[in-house]
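Novice: Below is the structure I would like to discuss, written out as structure tokens.
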Amino acid sequence: MAKPSFLIPTGFGTNCDDETELALKNSGINAKKGHINDIIEGYINLNDFQGLFFPGGFSYGDDTGSGNALANKIRNNYWDELLKFVEADKLVMGVCNGFQVMVNLGLLKGVSGKLGEQQVALDFNDPVEDNPNARYFDRWVDLKFYNNSPWTKGIDVTQFPIAHGEGKFFANAKVLQEIEDNNLVGARYVEGVICKDQNLQADPNGSLNNIACITNPTGRLIGLMPHPERALWFTQLPNWTLLKEEYKRKGEPVPKYGPGKKIFDNAREYFE
Amino acid sequence: MAQRIEIKAKLSDSRAKVRKKKLQSLGFADKINDVQLVDVYTVDSVLDASQLEKVASMLVNPVTQDYKVAQPLTPEKFDWAIEVGFLPGVTDNVANTTKEGIEDLFKTKLNPAEGAYTSQVTFLSGDLTKSDVEEIAGNLANKVIERVYIKSYDDFLKGGMDVVVPKVKIDQLPKADIVDILNVDDSELKRIGKMGVFDHDRELNVNEYLQLRKLYQNDELKLGDLLKKDDKYFQKVRRGPLALDLTYMKTIQDYFKEQNRNPSDIELESIAQTWSEHCKHTIFADPIDEFEDGLFNTFIKGATDTIRRKKGDKDFCVSVFKDNSGGIVFDERYLIGDKVETHNAPSALDPYGGSITGIVGVDRDAMGFGLGAKPFNHRFGYCFADPRPKQKIIDPSGTFADPKRRDARIIDRVWPTQKGKDPAQIIPDVFFKDEALTQKMLSPRQIMDGVIDGVNFGGNCSGIPTPQGFMFFDKRYKGKPLVYVGVQSLIPRESAGRPSHEKQAQPGDYIVMAGGRVGEDGVHGATFSSEAMDSGSPVTAVQIGDPITQKKLSDAIVKEARDLGLYTSITDNGAGGLSCSVAEMAKECGGCHVELDKVPLKYPGLTPWKTWISESQERMTLSVPKEKWNQFSDLMKRRGVEATVIGEFNDSNKCIVEYAKTTIMDIDMNFLHDGLPARPITTTYTPAVYDEPDIPLLEDLTNSLHSMLSRPNMASFEFISQQYDHEVQGGSVIKPLQGKGRVNGNATVTKPVLDSEKAVVSSQGINPSYSDIDTYHMAACAIDTAIRNAVSVGANLDHLALLDNFCWCSSDEPERLGQLKRAVQACYDYATAYGTPFISGKDSMFNDFKGYDENGTPIKISVPPTLLVSSVGVMQDAKKAVSLDAKFADDLVYILGETNDELGASEYLAMKGEELRNEKYIGNAVPKVDPKKNNKVYRALSKAVDEEFVASAQSVERGGLAVALAKTSMGGKLGMDIYLENIPGSSSRDDFSVFSESQGRLVVTINPDYKEEFENIMKGNAFAQIGVVRADNKFIVHGEEGKEIINTNADNLLNSYKTTFEDF
């Protein structure tokens, strides 16, 4: 089967595009970065792609709320095309700022109401023990995935890094219930090896129900605050120098990849 | 008509929680019950009510926020409202995004008279008086860039906050003026050079006139600007410093005499920018004592030339000292650029804006490296006064030392020395910029918070990781903090078939300005930073960076236009703005012709000289061949980047500027660039001698170690590492926080090319306290520390380069210049000894604050002579990088290098002095570097790392061996048993052994299986196994006679290490 092609929309402050492109390519996907303006103006045709990956970054500097200005730009100029794409048998992922854009566009939400209606938010981080002044926060987290999306197939508990100032998952009680009842939580922050080793709390930002990731009902659309593309290689792990000594002393080979690779492998496998 | 759109969180507002905590910490803990925030967008436009409603829906998050249009969104209960917005003309990034959003929403352009402005209202509930609220407002807003309005609950009820439109209005006619310099005397020439071109007369009443006469009685220059004409009194108002001394002014006078005309204001301002210390680095360039080629050529570039010659075909330098960054080889395909800048003076006035501008500004040195490089790593370094309240603020050297000795004469002296006053070196709690005591300087905490925040915003928003950095504290940084910001960048060796590190504008190329627009911001930045800071410091020296505008520009240039070959040269608009960037590039082809009215402005009415020298941010100047212009212009349009042709490069040997069809500047290129006369420098040097402190030896040093770890210079700055994204771009290998204990390392490793095995090592070395004894050894130690730190994580001396950043003080005084000369000589001696070339450097020579204490007494606070040395190296295999944390129980602990009684100006003496007499001790035995021995140790360690025998490595830095061991232990959360009996070196007592700051030392742990191999590699060096890693977390050190001198555990150590800044 031919390699699937994925588009990474860029511009206006996205900044994880290069490593995202590499992560997709590394798993055998034809990844292409395309400037939002080139997509809107038709230089790039969305229909040429099987997947869409909204990368992390600081679109419009988070001005007027993270992801908001870029979501408005897409809504004002490219909404019908995007809607058609997400309703077809395609994969869409948003990471960090990409997740914030998808949430603002109403692509990830509860089950009632129509696609495009914003129902959940990624709000300013709450003050938590490890980040008492609720600043932008870069750390690794432990995550429990729920195997409800082709993107996360076979992933259970794992570790990725986060880096954000606005990642507190929020929805009103009714929407939150819908999300829980319909098994739309893709992953939660949990206590695992990172928390235990580094003496950190599971919750980095005050997210409701510790939600780090949600999907749409088909699982094809997914958004997550943690960055799988920053957990692609073994040497990106915060404790790789310790693990390396451990492997060496046990006489085991030192791995090349980190846990994030599985996400990108899954994306390719979906189209096999 | 202007209308307010107000937005507020529906339920819980985490920003309000944080704001409340911060305000309570200012001493209002009991008085503030509640804080609520409302964001305000003031839209000044012709939009009707239904359109404004649409704008509001665009701005609001429907899930978390409520909004109201044209009516106040009032909290149910509050006592005071404080609204803070920007002053006219200050960059308002959110407002710019809002404007762009409005235009996109309605598919229309707002006309130039329309606009959007943001502000924020803080609603306070509590038992607060008006003066409490004013104090709070003073903390919320920085009056240099922001406006504040306060209303009580009752006032507010009468109609909410006022609608304010902070639009820039310029009354001046935009034209160039002629400045008479041919027919004036030397004192007027001096005045023009020091205080600027005459602008207009300000009328005074007789009392003001008499007051000013009294105030200026000892200042002939200022006195001369007070006039009496026809019974009326005036003061000449001038445009701000040109920083041209009489020698320079005379040279300019002679030039225009030959031209038979007076200069225009833009010509004079342009020369001042080009000749400024900031741009020409005259102190490093001019002849000094016996060295006719000056300090830079003789010692800095001299070192690099010597090293490169010696390296021959192993030379890895590609571009040194000639471009915006220094460049070295990464591999067959790529080069690495590196540049470190400072942004000190602006950060003292507006710490947040100053440091954003610093970090975003240095990124343009990456964009302007060669044909444009992609930034992949940031670093930072902050020198602050201790931000914690109630610190001792008396300088030891003033009260206790013999006043004849050098420390008493030149450290923090009262300025000018007041007769009959004790020369005690007191730095007041509060001080002011001006005689009238109206411009209070910011507190160390405000400066520190603002600076850290600014780099957070600038670095994170730009998508560039900021892993590497340090903080250093000394009260002499209270007047001017030092803010170092650096960027490493990646560029393919070839781009569009050309070597990418070379560039040359061609005659006939268009001069193109791309990126942001020009406003009044940053006028006189270059000449300002070339002067000491006093009440004349222009407030417009402060700019606020806009990382997103720059990110769009950077992506369009380095990811697209460069590799399409659409331009021939590029440089950034930093100090001096267009006047410097265009004139610099014009050197490449031999001349330029600029049409200044084509420069896009932020607001109409800007005078030509300001347009020419403005330091408005986010702009690059490019030379675009005419036949490429359409393609270039089209690409920039599609990327949302404004690019404008503002003239043409040529080979006329002239720099000509036209405005409204009239030539307003016409200067020979030769005069502009090389016309400045050399000013030979004579220096003096007096060695410093201090009393040797007599420190009782404690049998138990456990508490000493804990106190040491909690000192600001040693303590964890995890809160910075965690708020600076250090993983974006995916290249992070050795992170700023290491091990289970999350301990700050002193070097980081980053992969700029993710699918390559190779990685870049970066580290820093700084020891300003050693300058109190001898700047030569201060510099030597900074170099050794930077190299040692790099080697500790896996760098190799054969592929390691250095950058120098001198931040000096009072560089018009022979004694300070003598100290400088010694430091620069050390740079040559040690760089050549290690074979590590300097590839880039920068200096900032007047880090002095001149102002007044609460009683109006003049004070001068000078920073200690400070040299930051940064290293950049390439390691062949990232998987061999080493972290600092102990890995497993029973691993062997080694010390490499000799430990001697070198505690002069050490952290231990400072601590003991503060304990025993309330002021630090200095002593005399400053650490000295033996490059021969160290070179061997470092090379042996590199070999051991390469063969993967080393489980952890930690360079011994400030605080000595005990601190290094503690970091290794805390990092791994594993204890240690340490025995000092065999420790190499001549250390005479236990406390000296554990706290000496002898250079050239590292602590490493290894798997016991590799004992023999490791010791074989180290053979011939001073090294010893001094202990083992324990299975539990107990940290025990035995002294030279076998007795236990430290007994604690890793958790307690971590506690001391992390408490200091836990509330920051």
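FYI, it's all coordinate maths here, none of it is from the lab. Quick caveat: nothing in here was measured; it's all calculated off a predicted structure. Reconstructed Cβ throughout: ideal geometry from the backbone, glycine too, with neighbour counts over all protein chains shown.
Novice: Picking from B:Q504, B:A678, B:S325, whose Cα lies most toward the positive end of the charge dipole for the protein assembly as shown (charges on Cβ: Lys, Arg +1; Asp, Glu -1)?
Specialist: Going by the Cα projections, it comes out as B:Q504.
Novice: To continue, here is another question. Hey, how much of the P(r) for segment B:2-157 falls beyond 29 Å, as a percent of Cα pairs?
Specialist: More than 29 Å apart: 20 percent of the Cα pairs in segment B:2-157.
Novice: R0 = 51 Å: FRET efficiency of B:T129 with B:K1034, Cβ-based, nearest 0.05?
Specialist: 0.40
Novice: Normalised radius of gyration for chain B, please: alpha carbon Rg relative to 2.2 N^0.38 Å, two decimal places.
Specialist: 0.94
Novice: What does a probe at B:V148 reach in segment B:332-359, counting residues whose amide N is under 19 Å from the point 7 Å along Cα→Cβ?
Specialist: Once the point is set 7 Å along Cα→Cβ of B:V148, B:348-354 turn out to lie under 19 Å by backbone N, inside segment B:332-359.
Novice: On to the next question. Between segment B:307-345 and segment A:42-117, what's the alpha-carbon centroid distance in Å?
Specialist: 42
Novice: Place the peptides B:47-60, B:718-731 in order of packing, highest mean first, counting for every residue the other Cβ atoms within 10 Å and averaging per peptide.
Specialist: Averaged packing, sorted descending, gives the order B:718-731, B:47-60.
Novice: Let me ask another. Can you list the HN-Hα couplings for segment B:666-682, worked out from phi with the Karplus curve (6.51, -1.76, 1.60; θ = phi - 60°), rounded to whole Hz and with x for Gly and Pro?
Specialist: Rounded to whole hertz, the list is 8, 10, 5, 4, 4, 5, 4, 8, 10, x, 6, x, 5, 10, x, 10, 10.
Novice: So what is Rg over Rh here for segment B:186-274, counting just Cα atoms and using Kirkwood for Rh? Present the calculation step by step, with values, prior to reporting the outcome.
Specialist: Values: Rg = 14.7 Å, Rh = 14.1 Å.
Radius of gyration relative to Kirkwood radius: 1.04.
Novice: Give me the number: length gained by fully extending B:T108 to B:T306, i.e. 0.36 nm times residue separation minus the C-alpha to C-alpha distance, one decimal in nm.
Specialist: Extra length from B:T108 to B:T306 when fully extended: 65.1 nm.
Novice: Could you give each residue of segment B:1007-1019 its phi-based ³J(HN,Hα) in whole Hz, using Karplus coefficients 6.51, -1.76, 1.60 with θ = phi - 60°, and x for Gly or Pro?
Specialist: Karplus-based 3J(HN,Hα) across segment B:1007-1019 equals 4, x, 4, 9, 3, 5, 4, 5, 5, 4, 5, 7, 3 Hz.
Novice: Still on this structure: Tell me whether segment B:244-371 comes out rounded, prolate or oblate; compute the Cα gyration tensor, take square roots of the eigenvalues as a ≥ b ≥ c, and use a/c under 1.5 as the rounded threshold.
Specialist: Oblate is the answer for segment B:244-371, as a/c is 1.5 or above yet b/c matches or exceeds a/b.
Novice: Taking amide H atoms as placed 1.01 Å from N in the peptide plane, list the residues 5 or more away in sequence, or in a different chain, whose amide H sits under 5 Å from that of B:Q65.
Specialist: For B:Q65, whose amide H was placed from the backbone, the distant partners under 5 Å are B:K10.
Novice: Please list, ordered by chain and number, the residues whose modelled amide H lies under 5 Å from the amide H of A:V190; skip anything fewer than 5 residues away on the same chain.
Specialist: Placed amide hydrogens put A:D142, A:L143, A:K144 under 5 Å from A:V190.
Novice: What lysines sit close enough to B:K610 to cross-link, taking a C-alpha to C-alpha distance under 16 Å and skipping anything fewer than 8 places away on the same chain?
Specialist: B:K169, B:K175, B:K598, B:K602
Novice: How would you order A:185-197, B:171-183 from highest to lowest mean count of nearby Cβ atoms within 10 Å? Walk me through the intermediate numbers first.
Specialist: On the way: A:185-197: 19.7, B:171-183: 14.2.
The most tightly packed comes first, giving A:185-197, B:171-183.
Novice: Continuing with the same structure: Ignore the peptide's own chain and count Cβ atoms of other chains within 10 Å of each Cβ in A:241-250; give me the average, rounded.
Specialist: Mean inter-chain Cβ contacts per residue within 10 Å come to 6.
Novice: Along the charge dipole of the protein assembly as shown, pointing to its positive end and built from +1/-1 on Cβ of Lys, Arg, Asp and Glu, which listed residue (B:A561, A:I179, B:I734) has its Cα farthest out?
Specialist: A:I179
Novice: Using only helices, what value at 222 nm comes out for chain A when you add -39,500 (n - 2.57) per DSSP H run of length 4 or more and divide by the total residues, to the nearest 500 deg cm²/dmol?
Specialist: On the way: 8 runs with 79 residues, N = 272.
One gets -8500 deg cm²/dmol as the mean residue ellipticity at 222 nm.
Novice: Can you give the local net charge around B:V594? Use residues other than it whose beta-carbon is closer than 9 angstrom to its beta-carbon, Lys and Arg +1, Asp and Glu -1.
Specialist: -2
Novice: Pull up all non-local amide H partners of B:L884: gap of 5 or more, or a different chain, and H-to-H distance under 5 Å with H placed in the peptide plane.
Specialist: It is B:A953, by chain and number.
Novice: Sequence gap at least 6, Cα distance under 8 Å: using those rules, report the relative contact order of segment B:2-157 to the nearest whole percent. Present the calculation step by step, with values, prior to reporting the outcome.
Specialist: Values: 239 pairs, mean separation 52.3, N = 156.
Taking the mean separation of contacting Cα pairs over the length of segment B:2-157, I get 34 percent.
Novice: Here's something else I'd like to know. Ignore the peptide's own chain and count Cβ atoms of other chains within 10 Å of each Cβ in B:714-727; give me the average, rounded. If you can, show how the numbers build up before the last one.
Specialist: Values: counts 0, 0, 0, 0, 1, 4, 1, 2, 9, 8, 4, 11, 3, 14.
Average per residue, whole number: 4.
Novice: Take the cross-link list B:K22/B:K880; B:K301/B:K374; B:K480/B:K758; A:K90/B:K628; B:K301/B:K751 and give me the ones stretching past 32 Å between alpha-carbons. Walk me through the numbers before you get to the answer.
Specialist: Values: B:K22/B:K880 43 Å; B:K301/B:K374 26 Å; B:K480/B:K758 39 Å; A:K90/B:K628 40 Å; B:K301/B:K751 29 Å.
Those over the limit are B:K22/B:K880; B:K480/B:K758; A:K90/B:K628.
Novice: Separate question: What's the center-to-center distance, using Cα atoms, between segment B:674-748 and segment B:966-1038 in Å?
Specialist: That distance is 21 Å.
Novice: If you don't mind, there's one more thing I want to ask. Determine, for each peptide in B:656-669, B:814-827, the mean count of other beta carbons within 10 angstrom over its residues, then list the peptides with the highest first.
Specialist: B:814-827, B:656-669
Novice: Sticking with this one: Going by the alpha-carbon gyration tensor, a ≥ b ≥ c the square roots of its eigenvalues, is segment B:108-155 rounded (a/c under 1.5) or, if a/c is not under 1.5, prolate (a/b greater than b/c) versus oblate?
Specialist: prolate
Novice: Based on the Cα atoms of the protein assembly as shown, what semi-axes does the equivalent ellipsoid have, where each is the square root of 5 times one gyration tensor eigenvalue, given in whole Å with the largest first?
Specialist: Result for the protein assembly as shown: semi-axes of 43, 42, 32 Å.
Novice: Here's another thing I want to ask about it. Going by how many other beta carbons lie within 10 Å of each one, how would you line up B:L553, B:L916, A:L122, A:L208, fewest first?
Specialist: With the fewest neighbours first, B:L553, B:L916, A:L122, A:L208 line up as B:L916, A:L208, B:L553, A:L122.
Novice: Moving on to the next point. Based on Cβ point charges of +1 for Lys and Arg and -1 for Asp and Glu, what charge dipole magnitude is obtained for chain B about its Cα centre, in debye rounded to the nearest 20?
Specialist: 1080
Novice: When you look at the Cβ of every residue in A:13-20, what mean number of other chain Cβ atoms sits within 10 Å?
Specialist: Neighbouring Cβ atoms belonging to other protein chains average 6 per residue here.
Novice: Let me ask you something else. Taking Cα centroids, how far is segment B:622-660 from segment A:143-159 in Å?
Specialist: 52
Novice: Excluding same-chain residues fewer than 8 positions from A:K261, which aspartates and glutamates have a Cα within less than 19 Å of its Cα?
Specialist: Within the straight-line cut-off, A:K261 pairs with A:D17, A:D18, A:E19, A:E21, A:D142, A:D156, A:E229, A:E269, A:E272, B:E727, B:D755, B:E757.
Novice: Exposure proxy check: B:D265, B:D289, B:D185 ranked by fewest other beta carbons within 10 Å?
Specialist: B:D185, B:D289, B:D265
Novice: Mind checking which lysines have their C-alpha under 22 Å from B:K1034, skipping anything on the same chain fewer than 8 residues away?
Specialist: By straight Cα distance, B:K1034 reaches A:K196, B:K740, B:K887, B:K967, B:K973, B:K1043, B:K1058.
Novice: I'd like to know which of B:L892, B:L903, B:V929 lies farthest towards the positive end of the charge dipole of segment B:876-933, counting +1 on Cβ of Lys and Arg and -1 on Cβ of Asp and Glu.
Specialist: B:V929
Novice: Okay, next question. Helix-only estimate, please: 222 nm mean residue ellipticity of chain B, summing -39500 (n - 2.57) across DSSP H runs of length 4 or more and dividing by its residues, to the nearest 500.
Specialist: Helices in chain B give a 222 nm mean residue ellipticity of -9500 deg cm²/dmol.
Novice: Ordered by residue, what ³J(HN,Hα) values in Hz, to whole numbers, does segment B:557-564 give under the Karplus form 6.51 cos²θ - 1.76 cosθ + 1.60, where θ = phi - 60° and Gly and Pro are x?
Specialist: For segment B:557-564, the Karplus-derived couplings read 7, 7, 9, 9, 4, 4, 7, 8 Hz, x marking Gly and Pro.
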